[in-house]
Amino acid sequence: MDLGEVIAQSTWGGGEGSSLAGLTDFWVFRFLLNILGYASIVIPAAILIRYIKRSNFLERGGQGCTYNVVKACVYGTADELPTTQADSDAPTPSPSRFPRWAVLIFCVVGLQGSYLTWGVLQERIMRHEYGGTEDEPSEKFKNSQFLVFVNRILALTIAGVYLSLFRQPRHGCPMYKYSYASLSNIMSSWCQYEALKFVSFPTQVLAKASKVIPVMLMGKVVSRKSYEYYEYVIAALISLGLSMFLIAHGPDDEKKSTTVTTFSGILLLAGYMMFDSFTANWQAELYKYKMSSFQMMFGVNCFSCLFTSAALLQQGGFIEAFSFMFRHQLFTFHVFLNSICSATGQMFIFFTINQFGAMVFVIIMTTRQALAILLSCIIYAHPVSIMGGFGIAIVFLAMFLRVYASHRMKQKKARQQEVNNTGVKDEAEEGETAGD
């Protein structure tokens, strides 16, 4: 199979369009164009930062707006923070006037409503046509980068408003460090949207659930990390369930399901998991600067808007997207509703973890993934065989077992630590008694 056939089978237009149109719609070509767009900002910025650091900018000193901006962007302001700054500088929520069960229901409804709607809209936008009337010919939207941009610009706005209204902890993180998490974040989102052109939404959700497997493999090979026995059992169950679903899952459309498109979907899902894993790990490093979640949200989305807008301007993506929005008003509504759900979902994540901790949040989101698959199958009529249904059940059973086992292990370690501390205290008291 030559490149022309691969391109033809990997695009919605098949072999009817010109080879140039097929090339520009080929996901690998678009991915490379996105990288070039990001590089047009990253490379000059990296050269400038390197020059500033080598020129001993701080040693020369200075005053004024320019000096402060350069220092904050390149060096950060860690030297200006109080040496005894505590985590309590972060805003703490005032006690709620509502009972705990009411707040929990609010969090569950908010998270489920935001992300279930977001998932349904993702599939509607990326896998289905708009138009289809005599005056409005049917066509599909292809520019995943624009969807990422709209999501990030709204999240940036919300985070900016929140930061202007509520006091935040001071932190000394150099601004440019947000760009690493931003790049991986927008690339993972792009891969996620683009993958929906080649795989169904239930397949995508199950693939996300199985990312614990590559994380464990990478930790074992690279970091020589050891895992508890239950984690291996859970990884095996997830692998079994995912394999059952993929084997039993029939193609939604025989004309679109080819070896090439399936392989493209797998590559894009693998890219999503890789970039998403990096984002989470890098953000964990950034949180060492004692920043709040909304400061993180603002910093990352600020660079995300910069990178995506640069790529869209260079590719003519804004003209393409706005033209599509002008032709299809329903698409415009879906895009903005999708962005609103994404932004509100992030806020519910912060609020839920703040109020109830990570364990409750993980349980809610695991349930959300199962409901998302069910909702997608009902709305978009995805065929799921009995074997595929068992595969889905095994995957989510394994995920709930992982939450339960992790919680029990933490409790066991806490009890063991308490026993050890008690033993040390008793020994110290006996020593004091003997000394007397």
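List of remarks:
- Where a residue in segment 193-213 is without any contact (Cβ under 8 Å) to a residue 40 or more places away in the chain and over 16 Å from Phe141 (Cα atoms) and its partner, wherever it lies, is open to solvent by less than 10 Å² (accessible area, probe 1.4 Å) and assigned to a helix (DSSP H, G or I), with Cβ under 9 Å and at least six apart: Ile213/Ile238
- Residue in segment 213-231 that is least open to solvent (accessible area, probe 1.4 Å), counting only those that are more than 25 Å from the chain's Cα centre (by Cα) and at pLDDT 70 or above: Tyr230
- Entry remark, segment 26-54: residues being open to solvent by less than 50 Å² (accessible area, probe 1.4 Å) and over 24 Å from the mean Cα position of the chain (by Cα) number 3 in total.
- Yes/no for Gly172 being more than 20 Å from Ile125 (Cα to Cα) and not in a loop (DSSP other than H, G, I, E, B): no
- Candidates Leu156, Leu147, Leu111, filtered to the one that is in contact with a helix residue (DSSP H, G or I) (Cβ under 7 Å, 6 or more places away or on another chain), open to solvent by 20 Å² or more (accessible area, probe 1.4 Å), at pLDDT 90 or above and in a helix (DSSP H, G or I): Leu156
- When the residues of segment 55-78 are filtered to those that are surrounded by 11 or more Cβ atoms within 10 Å (Cβ to Cβ), within 16 Å of Pro174 (Cα to Cα) and not hydrophobic (A, V, I, L, M, F, W, C), the one that is modelled with the lowest pLDDT is Thr77.
- Flag for Thr344 being under 30 Å from Cys107 (Cα atoms), assigned to a helix (DSSP H, G or I) and in contact with a Cys (Cβ under 8 Å, 6 or more places away or on another chain): no
- Look at (1) aliphatic (A, V, I, L, M); (2) farther than 30 Å from Cys173 by Cα; (3) modelled with pLDDT under 50 and you find that Val28 fails only one, number (3).
- Condition met for Gln283 (under 17 Å from Pro174 (Cα atoms) and open to solvent by 10 Å² or more (accessible area, probe 1.4 Å)): yes
- Filter pass, Phe333 being more than 27 Å from Lys211 (Cβ to Cβ), at pLDDT 85 or above and hydrophobic (A, V, I, L, M, F, W, C): yes
- Filter pass, Glu134 being under 25 Å from Met325 (Cβ atoms) and either in contact with a Leu (Cβ under 6 Å, 6 or more places away or on another chain) or touching a residue at least 40 places away in the same chain (Cβ under 8 Å) (or both): no
- Tally of residues being aromatic (Phe, Trp, Tyr), open to solvent by 30 Å² or more (accessible area, probe 1.4 Å) and under 20 Å from Gln112 (Cβ atoms) across segment 353-396: 3
- When Thr11 is tested against (1) at pLDDT below 85; (2) open to solvent by 90 Å² or more (accessible area, probe 1.4 Å), just one condition goes unmet, and that condition is (2).
- Meets criteria (part of a helix (DSSP H, G or I) and modelled with pLDDT of 85 or more) for Ser277: no
The values are calculated or read from the model by the stated rules, or taken from the named source; none is laboratory data. The structure presented is a predicted model; accordingly, all values stated were derived computationally and were not measured. Backbone-built Cβ (ideal geometry, glycine too); neighbour counts: all protein chains shown. Just the protein is used for accessible areas: all its heavy atoms, side chains included, with ligands, DNA and RNA removed. Shrake-Rupley method; radii C 1.70, N 1.55, O 1.52, S 1.80 Å.
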